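Throughout, read-outs are computed from the coordinates displayed, never taken from laboratory work. Because the structure is predicted, anything quoted here is derived from the model rather than measured. Here the Cβ positions follow ideal geometry from the backbone for every residue, glycine too, while neighbour counts run over all protein chains shown.
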Amino acid sequence: MVGEEATSSVEAVFREERGRLLASLVHRFGDLDLAEEVASEAIEAALVHWPTDGVPTRPGAWLLTTARRRAVDRLRRDRVLATRLAVLQAEAERAGSAPPADADRDLPDDRLALFFTCAHPALPAQDRGALTLRFLAGLTTAEVARAFLVPPATMAQRLVRAKRKIREARIPFRVPGADELPERLPTVLQAVYSVFTEGYAASSGPDLQRTDLAEEAIRLARILRRLLPAEREVAGLLGLLLLIHARRAARTGPDGEVILLDDQDRGRWDHGMIDEGRGLVVVALTGRPPGPYGVQAAIAALHDEAPDVASTDWPQVVALYDVLLGLVPSPIVALNRAAAVAMRDGPDAGLALLDDLADDSRLNGYHLYPATRADLLRRLGRHDEAAAAYRQALTLVGTEPERAHLRRRLESVTTD
Amino acid sequence: MLYGDPPHREEPNVKYMLLFMSPTTTDGEIVDGCTFEDWIRYDREMKDAGIWVSGHPLQDLTTCTTVQVGASGERTITDGPFAETREVLGGYDIIDVPNLDVALDWAARGPGARGGGSVQVRPIAEIEVEV
């Protein structure tokens, strides 16, 4: 039994400490591959020793020390690697300078620099979320592949290519200076947000691990919030994720079908999470002009605060979309704004704004454009036009639960 | 440096080639809006910083000649290439800096990064030959 306990505690420690362990190793040796390998070896060693010797009092420090020894051994054997990774520094490591540990944890926290490496703008946008999940959330390559719905071999190849670019182009492992931060922080936030939206792209039915993915994104955002407490957009991002995730229980029906915001049972929302999110919105909107995550969080908060759709503060929602459109001039923001205007001024007003967007090629193939139009036409009683728009949306929609939702709406306008 | 982080590892520098891609007219004339003085100033900044390894501006594409050698060793020599490219390589510099962030910073400071031009930043492949 002692053995079993130790095994599960090894996994728990590794899950929690893996990001810190990897970040510390990359910080010292400057190589993601080496860090991954020796981190795994340290875990294997823990699985051998801890069941018989007991779990050390500072498990994180034990893992780090073990991994560092393995790294130094490897550098001594591999001259090419050693040359590349500054063997002198490694030798100094071996002489035993202990890393500074923070007061309440037994590992130093080098993760912020790793966030900026994984989400570096020189890497393909689609790989930044994957790298962040792999190295900071501590997911295995197979788990990252499942998160992004690609075969494990494909994900492994993408990670290998990204790591090669980091190594060969020498993408640094460093926290950008204050002057660079406005340019560099958005890709880090975007990487975490992409993990979250990936979790929501198909969160229903048997895909329970997708909710886990949203929770991983929240965990990452919490880490970032601790590491960058002065950055209001980090507060905005965490707030946004919490305010959306608070609705998770009401988002799907008993058969996994999508339930849209309008029809959700608001009593099932997570009010503790909403309160935390609202507190973060205050942080995100206080002081200088807000950033896009802060504004989106504020919009989400207005929805979460309202007892029902009708009593939502739609004028305020529209005003915030105006601000957001100024910060992010995207047709998708304009589409959401049009839907909010329809709630404030009636479906005709929203429909007129949608017509203005009809020629925007960036909305080509985006199912929510015809779907939003269809809903407004339905509310106006223009059922034939609504049906045509629902059919168009059905040709574009990606996920099964959303398709089922559109089919139900299509039926509602064709059967009466 | 609000979130500054002192370097813990002394890593060898990397050499990067900065390729200055300039927008051109259909006649191949470079229209990047940079003056000769802009480039002289940039050149001096790199040398003063001690990072400059080598580099040259290139003559325009009307002076370019292309050579290809076929399977049986025959040479084909052609004039050009010409106008179908909207961006041409106008010059290059090789710099020796600690990492990509520093290289990108130097690339962005180059006059060729503005006015519709762009800079491609490529690490030099250091091939180690066993003696």
> When the Karplus curve 6.51 cos²θ - 1.76 cosθ + 1.60 is applied with θ = phi - 60°, which whole-Hz ³J(HN,Hα) does each residue of region A:387-399 get, with x for Gly and Pro?
Replying inline: 4, 4, 5, 4, 5, 5, 4, 5, 6, 10, 5, x, 9
> Going through region B:41-131, which chymotrypsin sites (Phe, Trp or Tyr not before Pro) have at most 16 other Cβ atoms within 10 Å and a DSSP loop state?
Replying inline: B:Phe82
> By how many degrees, 0 to 90 and rounded to 10, does the Cα axis of helix A:59-77 deviate from the longest principal axis of chain A?
Replying inline: 60 degrees
> How big is the charge dipole of region B:53-125 about its Cα centre, in debye rounded to the nearest 20, if each Lys and Arg gets +1 on its Cβ and each Asp and Glu gets -1 on its Cβ?
Replying inline: 60 debye
> For helix A:314-327, what angle does its Cα long axis make with the longest principal axis of chain A, in degrees from 0 to 90 and rounded to 10?
Replying inline: 50 degrees
>> Under 10 Å, Cα contacts only: if you run a Gaussian network model on chain A, which one of A:Val281, A:Val295, A:Val80 comes out with the highest mean-square fluctuation?
In response: A:Val80
> Binned at 10 Å from 0, what are the whole-percent values of the Cα-Cα distance distribution for the protein assembly as shown, short to long?
Replying inline: 3, 14, 21, 22, 19, 14, 6, 1, 0
> Tell me, what ³J(HN,Hα) does each residue in region A:246-263 have, in order and in whole Hz, if you take phi through Karplus 6.51 cos²θ - 1.76 cosθ + 1.60 with θ = phi - 60° and put x for Gly and Pro?
Replying inline: 4, 8, 4, 5, 9, 6, 10, x, x, 9, x, 6, 6, 10, 6, 3, 4, 9
>> I want to check the label-to-label distance for A:His49 and A:Ala319. Put each point 7 Å from Cα in the C-beta direction and report it in nm to one decimal.
In response: 6.1 nm
> Taking the Cβ-Cβ separation of A:Arg266 and B:His56 as r and a Förster radius of 51 Å, what is the calculated FRET efficiency to the nearest 0.05?
Replying inline: 0.15
> Relative to the first principal axis of the alpha-carbon coordinates of chain A, what is the inclination of helix A:271-285, with its axis defined by its Cα atoms, in degrees from 0 to 90 and to the nearest 10?
Replying inline: 90 degrees
> Can you work out the FRET efficiency for the pair B:Arg75 and B:Ala125, with r the C-beta to C-beta distance and R0 = 45 Å, to the nearest 0.05?
Replying inline: 0.95
> What's the extension gain from B:Ala108 to B:Ile94 if we count 0.36 nm per residue and subtract their Cα-Cα distance?
Replying inline: 3.6 nm
> Given A:Val72, A:Leu159, A:Gln190, which one lies farthest toward the positive end of the charge dipole of chain A, if we put +1 on the Cβ of every Lys and Arg and -1 on the Cβ of every Asp and Glu?
Replying inline: A:Val72
> Roughly what would the spin-label model give for A:Asp275 and A:Asp348, points 7 Å off Cα along C-beta, in nm?
Replying inline: 4.5 nm
>> From the helices alone, meaning DSSP H stretches of at least four residues, give me the mean residue ellipticity at 222 nm for the protein assembly as shown, per-run term -39500 (n - 2.57), in deg cm²/dmol to the nearest 500.
In response: -18500 deg cm²/dmol
> Dipole magnitude of region B:16-92 about its Cα centre, charges +1 at Lys/Arg Cβ and -1 at Asp/Glu Cβ only, in debye to the nearest 20?
Replying inline: 280 debye
> Within a Cβ distance under 13 Å of A:Asp322, other residues only, what is the Lys/Arg minus Asp/Glu net charge?
Replying inline: +2
> About its Cα centre, what dipole magnitude does the protein assembly as shown give when the only charges are +1 on Lys and Arg Cβ and -1 on Asp and Glu Cβ, stated in debye to the nearest 20?
Replying inline: 740 debye
>> Springs between alpha-carbon pairs under 10 angstrom, Gaussian network model over chain A: which of A:Leu396, A:Leu139, A:Leu131 fluctuates most?
In response: A:Leu396
> Can you tell which of A:Leu302, A:Val318, A:Ala169 lies farthest toward the positive end of the dipole of chain A, using +1 and -1 charges on the Cβ of basic and acidic side chains (Lys, Arg; Asp, Glu)?
Replying inline: A:Ala169
> Between A:Thr252 and residues 5 or more places away or on another chain, which pairs have amide H atoms under 5 Å apart, with H built 1.01 Å from N, and which residues are they?
Replying inline: A:Ile259
